[in-house]
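To keep things clear, I will list the structure first and then write my remarks on it.
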Amino acid sequence: MTQPTQSNDAGPSGGFLAEIKDAVTTRAALLVLGVLALQLAFITSYIGAFHHPRPSEIPIAVAAPAAQAAERTARQLDGLQGTPLDARAVPDEATALTQVKDRTVDGALIVDPAGTTDRLLVAGGAGASLSQALEEIVGLVEKSQGRTVRVTDVAPAAAGDARGLSSFYLVVGWCVGGYLCAAILAISAGARPANTARAVIRLGALLLYSLAAGLLGAVIAGPVLDALPGSLTALWGLGTLVVFAVGALTLALQGLAGVVGIGLAILLVVVFGNPSAGGAYPYPLLPPFWSSIGPALPPGAGTYAARSIAYFHGNGATGPLLVLAGWAVLGSAVTLVCALSRRGRSGAAVGSGLADDAPGVPRFASAGEAEGPGAR
């Protein structure tokens, strides 16, 4: 009489500790610790960037009828304690206005030696907090000299763009779409593409998604919500580039590190990129670390370019666009190189990013093995 086989449904027989080891693998525990580290980095980065905004070397032009008066005022503004301003004398008011509109400077002080009221030109479209900082600093200096200042916004934010933040939130949305699209491709078909053809297909799918996401985002921010003025076509192109750059970066990190690459992409784009993007506080108001890395990361480059398109006729957008193009090219190249390096490995599981002999992955016979020795 055969003995009944004992069911393993109850799990391992080593007690509660064995249950924990079976339920939470070492790899899962390490990933959870990684998530904790990412969470703490998120908190540190955002609070570190925003908890104490302080103006530092805000570029401002100074114009006066007499060159000596302009230079004297510029030296005075440059010598303020803590160096909140980076003042430079310009020949005339027209030059000062041009520099504000082409984003060479963030403001301009027009001195009137014959009177007691000077004019301050600001650009609200570059960020309300930056304009307010200039008004406060220059206003205190003028008051200390018994003078007053009249503020003129020469590039105001649109009525539907509260505090000039719409550009930032639009770019953040594009960035989220970029890394989520790449992450979904990894979840559905393996973090690492099995060959270059698969890598090209993923990049092609990402490009199609980027075109759609860029267009729809630009339409929502422009015609639908009337939050951003400027060229719809230019915003569409920018959105496509932002989404593709972030997605290609995520695919590249997945090719290098597998699923962990998704976390690395979030670290770069969300943890470091968003608080340093110049959204709530433009670069001159951020601490040195964040103001240094912001222009080099996709959220910062995208936000600056979006504001340039919306309020400055595209002036100043060339550098940020080159940064985004660099991320797109680098991410695509690394993705293809990682796939190419895998092509030479025998026994790579198609699309999974795991070797056939990896634990828990069954090995299937190839077509030739299945047909037997006589197969061609």
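The values are calculated or read from the model by the stated rules, or taken from the named source; none is laboratory data. If you're wondering where the values come from, they're calculated on a predicted model, not measured in any experiment. A quick note on method: Cβ atoms are made from the backbone with ideal geometry, for glycine too, and the neighbour counts reach across all protein chains shown.
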**OP:** Exactly one condition in (1) within 26 Å of Gly127 (Cβ to Cβ); (2) touching a helix residue (DSSP H, G or I) at 6+ places or on another chain (Cβ under 7 Å); (3) modelled with pLDDT of 95 or more is not met by Ser210; state its number.
**Re:** (1)
**OP:** Output yes when any residue across the stretch 116-125 is under 26 Å from Gly294 (Cα atoms), surrounded by 13 or more Cβ atoms within 10 Å (Cβ to Cβ) and without any contact (Cβ under 8 Å) to a residue 12 or more places away in the chain, and no when none is.
**Re:** no
**OP:** Give the residue that is nearest to the chain's Cα centre (by Cα), with candidates limited to residues of the stretch 136-186 that are assigned to a strand (DSSP E or B) and among the hydroxyl-bearing types (Ser, Thr, Tyr).
**Re:** Thr152
**OP:** Could you tell me which numbered condition Ser292 fails, if it satisfies all but one of (1) touching a residue at least 24 places away in the same chain (Cβ under 8 Å); (2) within 30 Å of Glu136 (Cβ to Cβ)?
**Re:** (1)
Original post:
Among the residues of the stretch 98-109, is any of a type in the set (A, V, I, L, M) and surrounded by fewer than 22 Cβ atoms within 10 Å (Cβ to Cβ)?
Top reply: no
**OP:** Please find, among Ala41, Ala64, Ala49, Ala70, the residue that is surrounded by 12 or more Cβ atoms within 10 Å (Cβ to Cβ) and touching a strand residue (DSSP E or B) at 6+ places or on another chain (Cβ under 7 Å).
**Re:** Ala70
Original post:
Which one of these does Ala227 not meet: (1) over 16 Å from Ser332 (Cα atoms); (2) surrounded by 24 or more Cβ atoms within 10 Å (Cβ to Cβ); (3) touching a residue at least 60 places away in the same chain (Cβ under 8 Å)?
Top reply: (2)
Subject >> Criterion (free of Cβ contacts under 8 Å to residues at least 24 places away in the same chain and closer than 17 Å to Thr44 by Cα) met by exactly one of Leu268, Leu264, Leu286 >> reply: Leu264
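Okay, residues lined up against (1) buried (at least 18 other Cβ atoms within 10 Å of the Cβ); (2) part of a helix (DSSP H, G or I); (3) in contact with a Phe, Trp or Tyr (Cβ under 7 Å, 6 or more places away or on another chain); (4) assigned by TED's automatic domain parsing to the domain that holds Phe312:
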| residue | (1), (2), (3), (4) |
| --- | --- |
| Ser188 | no, yes, no, yes |
| Leu211 | no, yes, no, yes |
| Thr240 | yes, yes, no, yes |
| Val243 | yes, yes, yes, yes |
| Leu251 | yes, yes, no, yes |
| Gly255 | yes, yes, no, yes |
| Ser276 | yes, no, yes, yes |
